[in-house]
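Input: a single structure, listed below in structure tokens.
The values are calculated or read from the model by the stated rules, or taken from the named source; none is laboratory data. This structure is a prediction, so every number in the text was calculated from the model and none was measured. Backbone-built Cβ (ideal geometry, glycine too); neighbour counts: all protein chains shown.
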């Protein structure tokens, strides 16, 4: 009887410890340009490209007792088409026509340079996360080049470890903020408007 009771207690303790470990999360983000944009173009063609310039798809870990098993990642092949779609939609809202290979047209290249998700390293409970995203925009027209960096950050506190749905929304919001900053910059529209 005693060995069974001891085995039961060991099993319960093991489950409790496993509860402090977090499994990896692979996020499928939904970035959006969230600002009203003033149309300044007259339908001129613009070549729009999006590049994943990150060194790794891993943003960071969710912390917890075993942070090495709780990686958060966003695949490049998942996020690049979504950013491309939003960038083209924003270019349309600015009054231009996104065209894949228009000759001698202004070019806008967006490079996702960085995304991070950092949780405190000590302790078994995830109490907060620092989330950041950074995009570089390169514009080239017939006479000028411009390069700008647009970043967004969020510090979020939690009562309990966030699930995949919560993290997807939080990281999407931060990336959306960085993307929106690109198109709110009047320099971008002005350079696209100048052939």
Report summary line: Subset of segment 43-58, residues free of Cβ contacts under 8 Å to residues at least 40 places away in the same chain and out of contact with any helix residue (DSSP H, G or I) (no Cβ under 8 Å at 6 or more places or on another chain), comes to 55, 56, 58
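Going by what's in this entry, would residue 94 be described as out of contact with any strand residue (DSSP E or B) (no Cβ under 6 Å at 6 or more places or on another chain), at pLDDT 95 or above and more than 24 Å from residue 27 (Cα to Cα)?
Values: out of contact with any strand residue (DSSP E or B) (no Cβ under 6 Å at 6 or more places or on another chain): yes; at pLDDT 95 or above: yes; more than 24 Å from residue 27 (Cα to Cα): yes.
Judged against the criteria, residue 94 is a match.
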Query raised in the report: Could you list, in sequence order, the residues of segment 159-195 that are touching a strand residue (DSSP E or B) at 6+ places or on another chain (Cβ under 7 Å), farther than 16 Å from residue 109 by Cα and surrounded by fewer than 16 Cβ atoms within 10 Å (Cβ to Cβ)?
Result: 164
Report task. Evaluate the following for residue 168: is it touching a residue at least 60 places away in the same chain (Cβ under 8 Å), part of a helix (DSSP H, G or I), under 15 Å from the mean Cα position of the chain (by Cα) and over 21 Å from residue 36 (Cβ atoms)? Result -> yes
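If I ask for residues that are part of a strand (DSSP E or B) and in contact (Cβ under 8 Å) with a residue 12 or more places away in the chain, which ones from segment 145-165 would you list?
Here is the first cut: in segment 145-165, the residues part of a strand (DSSP E or B) are 145-157.
Passing the criteria: 146, 148, 149, 150, 151, 152, 153, 154, 155, 156, 157.
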Query raised in the report: Within the bounds of segment 56-68, is there any residue that is at pLDDT 95 or above and either closer than 30 Å to residue 143 by Cβ or surrounded by fewer than 17 Cβ atoms within 10 Å (Cβ to Cβ) (or both)?
Result: yes
Report summary line: Residue pairs within 8 Å by beta carbon, gap of at least six or interchain, first lying in segment 181-192 and closer than 12 Å to residue 140 by Cα, second part of a helix (DSSP H, G or I), listed first then second, are 188/182; 189/183; 192/91
Query raised in the report: Under the condition of being at pLDDT below 95 and touching a helix residue (DSSP H, G or I) at 6+ places or on another chain (Cβ under 8 Å), which residue from segment 118-139 is surrounded by the most Cβ atoms within 10 Å (Cβ to Cβ)?
Result: 129
